[in-house]
Amino acid sequence: MNLPTLPTASVFYRRILAQFPQDISLAFAYGSGVFRQSGTTQGQMGSNMLDFVLAVDDPHTWHTLNLKQNRQHYSFVRFMGPSLISRIQNSHGAEVYYNTLVPYDGRMIKYGVISTAALIEDLLHWKTLYVAGRLHKPVKILIQNENTKLQAALVSNLKSAVTAAFLMLPESVSEEDLFVQITGLSYSGDFRMLIGEDKSKVLNIVKAGMPHFQKLYGSILQECPQVVYKQAQGRLEVDKSPEGQFTQLMALPRTLQQKITELVDPPGKNRDVEDILLQVAQDPDCGMVVQQGVSAIVWSSSLIQSAKGILTAGVIKSTAYSLKKLQKMWKGLLRKQNTFDA
């Protein structure tokens, strides 16, 4: 099962990808420059940076070729060569190497490079939730090869997002409630939401993208035994019994289960994970514990990846990028204030 393409990739995006080495297993565009968010006009979208993630089987070879084709995209680390760039990419954080504020045909683009193996690990186990979290939301798939393990991991990631969201939600919810919870997973615990993002970002993404979310998650919800999906009414009835929650907890990605275990099990006891999750399933605060586990994953990976971004982008570009984020946050606050005053 291929991840749905939302919507069909345009010639413009294919032209951008043509500038890069072509050994790419998955490429997608995401963010406010690709999908319109509530409160954003088409003109404002056109001035937003275009964000891409490229998964490649061999980062060292890919960076070697990209340095020949697009040497100007890299910061001062280009002088260190592809071996160091690959080591920086694979060390700590989310194992992504970003080049940012790259001009192309009147737009600015940012692209992250991740190894296919690291992407599959994140999709299946939520090791960092950095790229996996971006793929919880609608993205524009530009390239997706026939790697069956990658295809299965992409679908598994969506199912995991639904399961985690179910544990944090009440028994009866709307589709919008569910999609807001899913979208918020990768922002939960992200320190950048404190200093550099529009605080209404999650709701803005969902409100403007409901048809895309419905397409992305519709078949998963219809087939899920843990929910009654009343598609015509846009409502869901989630199994919140201890037995249902235990089943959901056991289906969570491995790293999240480990984080939940660390939160609940006192040091030195070393109880079996299944026993701990059975205890959590019967806890009235089950959803809060799951939320804290997600936040613990995101906090660590976002902090380290952002620190690494200063190195990969260089000080000048990092400062410019941070100023753009703060400007977006300020505009979001002004929009919210104007709405309140009205």
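No value in this document is a laboratory result; all are computed from the given coordinates. It should be emphasised that the depicted structure is a prediction, and the values quoted were computed from it without experimental measurement. FYI the Cβ positions are ideal-geometry reconstructions off the backbone, even for glycines, and counts take in every protein chain you see.
Identify, please: which residue in region 204-221 is farther than 21 Å from A153 by Cβ and free of Cβ contacts under 8 Å to residues at least 40 places away in the same chain and is, among those, surrounded by the fewest Cβ atoms within 10 Å (Cβ to Cβ)? Out of the qualifying residues, it is P211.
Considering only region 48-65, state which residues are closer than 25 Å to S302 by Cβ and either assigned to a helix (DSSP H, G or I) or in contact (Cβ under 8 Å) with a residue 60 or more places away in the chain (or both).
Across region 48-65, the qualifying residues are M49, L50, D51, F52, V53, L54, A55, V56, P59, W62, H63.
The set of residues from region 52-89 being hydroxyl-bearing (S, T, Y) and surrounded by 14 or more Cβ atoms within 10 Å (Cβ to Cβ) comprises T61, T64, Y74, S75, S86.
Of the residues H125, H92, H136, only one is surrounded by fewer than 15 Cβ atoms within 10 Å (Cβ to Cβ) and within 30 Å of A164 (Cα to Cα); which?
Being surrounded by fewer than 15 Cβ atoms within 10 Å (Cβ to Cβ) and within 30 Å of A164 (Cα to Cα) holds for just one of H125, H92, H136, which is H92.
Scanning region 223-262 for residues that are crowded, with 18+ Cβ neighbours inside 10 Å and of a type in the set (S, T, Y), we see that the one that is farthest from V180 (Cα to Cα) is T261.
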